[in-house]
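J.: Sharing a structure here in structure tokens format.
The values are calculated or read from the model by the stated rules, or taken from the named source; none is laboratory data. None of these values were measured; they are calculated from a predicted model. When we count neighbours, we look across all protein chains shown, and the Cβ atoms used for this are built from the backbone with ideal geometry, even at glycine.
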């Protein structure tokens, strides 16, 4: 019975905490609404029947998160420079790159990383060819961007999810 009410307790707890933070209140009314949202959200996720996530090297996730935080900070500065000091030799462009990743969880994580990094956007992924289309605001060296994505993000994700 408890498993039916709380099929994903961590998801429900996260939803409840987020609701309380967004409501900025611990009053009974908002807390009760947050509890309902948390229970319904956890149940809705159970109805979707997601595949279980298998993490091979969860410790590597912390290292990857640190690298992503550093890259996001650097990219913020780089985008600010591109906007404030445009140069004719710098231009935006698209890059097609083959990926070895096939796990949907790893691909979703890579999409989040690339889209959250200022100056880059995940545009498309061709499942059949395993090819990613990436938009880059400041495209100077296509090979360098491919190297960065493959070494800094794809390789750790392969180790974590494969």
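J.: Out of contact with any strand residue (DSSP E or B) (no Cβ under 9 Å at 6 or more places or on another chain) and either over 30 Å from residue 153 (Cα atoms) or assigned by TED's automatic domain parsing to the domain that holds residue 109 (or both): is that true of residue 80 in this structure?
T.: yes
J.: With 78, 73 as the choices, which residue is within 18 Å of the chain's Cα centre (by Cα), part of a helix (DSSP H, G or I) and within 30 Å of residue 119 (Cβ to Cβ)?
T.: The unique qualifying residue is 73.
J.: Got a number for residues in region 116-145 being surrounded by fewer than 18 Cβ atoms within 10 Å (Cβ to Cβ) and out of contact with any helix residue (DSSP H, G or I) (no Cβ under 8 Å at 6 or more places or on another chain)?
T.: The total comes to 15.
J.: Shifting gears a bit: Going through region 28-75 one residue at a time, which ones are in the same structural domain as residue 10 (by TED's automatic domain parsing), surrounded by 10 or more Cβ atoms within 10 Å (Cβ to Cβ), over 22 Å from residue 104 (Cα atoms) and free of Cβ contacts under 8 Å to residues at least 24 places away in the same chain?
T.: Across region 28-75, the qualifying residues are 30, 31, 32, 33, 34, 35, 36, 37, 40.
J.: Which of the residues spanning region 91-105 are over 23 Å from residue 160 (Cβ atoms) and surrounded by 14 or more Cβ atoms within 10 Å (Cβ to Cβ)?
T.: Across region 91-105, the qualifying residues are 95, 96.
J.: Filter region 83-99 down to the residues that are touching a residue at least 24 places away in the same chain (Cβ under 8 Å) and over 19 Å from residue 123 (Cβ atoms) and list them by number.
T.: Matches in region 83-99: 89, 90.
J.: All but one of (1) assigned to a helix (DSSP H, G or I); (2) over 30 Å from residue 9 (Cβ atoms); (3) more than 15 Å from the chain's Cα centre (by Cα) hold for residue 149, so report the exception by its number.
T.: Unmet for residue 149, out of (1) assigned to a helix (DSSP H, G or I); (2) over 30 Å from residue 9 (Cβ atoms); (3) more than 15 Å from the chain's Cα centre (by Cα): (3).
J.: Still on this structure, please answer the following. Just to check your reading of the model, which residue among 114, 110, 158, 132 is assigned to a helix (DSSP H, G or I), in contact with a strand residue (DSSP E or B) (Cβ under 6 Å, 6 or more places away or on another chain) and in contact (Cβ under 8 Å) with a residue 12 or more places away in the chain?
T.: Matching residue, one of 114, 110, 158, 132: 114.
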